[in-house]
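The values are calculated or read from the model by the stated rules, or taken from the named source; none is laboratory data. Owing to the predicted nature of the structure, the values given are computational and were not obtained by experimental measurement. Don't worry about glycine lacking a Cβ; one is built from the backbone with ideal geometry, like all the others, and counts go over all protein chains shown. These accessible areas exclude ligands, DNA and RNA; they are computed on the full protein's heavy atoms, side chains included. Shrake-Rupley method; radii C 1.70, N 1.55, O 1.52, S 1.80 Å.
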Amino acid sequence: NRIKSLLALHGIKMNIKLSFLKDVEEIRLWDDSELPKKVKKEVLREYDRFEMIQNQLKELEGEKEEELASDGKQAKQVQALRQLKGIGPVSSWTLIYEFFGWREFKNVKEVGAASGLAPSPYNSGDSEREQGISKAGNRRIRSVSIEIAWFWLRYQPQSKLSEWFMERFAKGGKRMRRVGIVALARKLLVALWKYIETGLVPEGAIIKNLV
């Protein structure tokens, strides 16, 4: 985006591809003049940063695949999560290595509390009401859990959890669906914890074959 923005200032539209360095040399402005030297140098510096990041990402992906190919407990848990349709390599890796894989949970309340998805009731003596989720836990896990919940509705529509959501929240407005997806995220997180701990597949969930 940074490279495209710099070129756009001079009326140039270009896709970033393998021949980029050659394409930059062939750029001509509206009057058939070359791209100003200062602009060209800045574009090339940005491209160097882009290539460096791409190489680092490839290196990290390679390390991740090596880890998953091992016989470690966490690697096996990641593979187990990936077998559930709707849960991909990134979300399964995050759930295990940042949440489930390094600590033990004794019950479902601890899972909800650690993720920040647990409800926070208010009781003043005169009135009782829900204040929403606590948000006191792992923010990244909370975000990933909600993202997985949306994918779960799409790829696991026949599961009991999806049917529960559709029955209670799907017919409501946008606010009701937002409340519902957070509730689903908590229930799903608990179900995934039970799955990796005991092998109990969430009721009605589809298991996919990994090649």
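So the values come out like this:
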read-out	value
Criterion: under 19 Å from V78 (Cα atoms) and out of contact with any His (no Cβ under 8 Å at 6 or more places or on another chain) - qualifying residue of L184, L153, L161, L189	L189
Single unsatisfied condition, L35 versus (1) modelled with pLDDT of 90 or more; (2) more than 15 Å from R2 (Cα to Cα); (3) touching a helix residue (DSSP H, G or I) at 6+ places or on another chain (Cβ under 8 Å)	(1)
Selection count, the stretch 23-53, where residues are touching a Leu at 6+ places or on another chain (Cβ under 8 Å), open to solvent by less than 40 Å² (accessible area, probe 1.4 Å) and within 14 Å of H10 (Cα to Cα)	6
Search result, residues across the stretch 1-17 that are among the polar types (S, T, N, Q) and in a loop (DSSP other than H, G, I, E, B)	N1, N15
Close pairs (9 angstrom Cβ cut-off, 6 or more residues apart or separate chains): without any contact (Cβ under 8 Å) to a residue 60 or more places away in the chain in the stretch 142-158, open to solvent by 80 Å² or more (accessible area, probe 1.4 Å) anywhere	R142/K135; V144/V90; A149/K187; L153/M166; P157/E163; P157/M166
Long-range neighbours under 8 Å by Cβ, at least six apart or interchain, first residue under 20 Å from W93 (Cβ atoms) and part of a helix (DSSP H, G or I) within the stretch 181-206, second at pLDDT below 95 and of a type in the set (F, W, Y)	L192/F100; W193/F100; W193/F105; I196/F100
Residue in the stretch 33-42 that is within 20 Å of T198 (Cβ to Cβ), in contact (Cβ under 8 Å) with a residue 24 or more places away in the chain and of a type outside the set (A, V, I, L, M, F, W, C) present	no
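Here's the yes/no breakdown for (1) open to solvent by less than 70 Å² (accessible area, probe 1.4 Å); (2) among the aromatic types (F, W, Y); (3) closer than 26 Å to E104 by Cα:
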{"site": "W152", "(1), (2), (3)": "yes, yes, yes"}
{"site": "K171", "(1), (2), (3)": "no, no, no"}
{"site": "R175", "(1), (2), (3)": "no, no, no"}
{"site": "R178", "(1), (2), (3)": "no, no, no"}
{"site": "R186", "(1), (2), (3)": "yes, no, yes"}
{"site": "L189", "(1), (2), (3)": "yes, no, yes"}
{"site": "L192", "(1), (2), (3)": "yes, no, yes"}
{"site": "I196", "(1), (2), (3)": "yes, no, yes"}
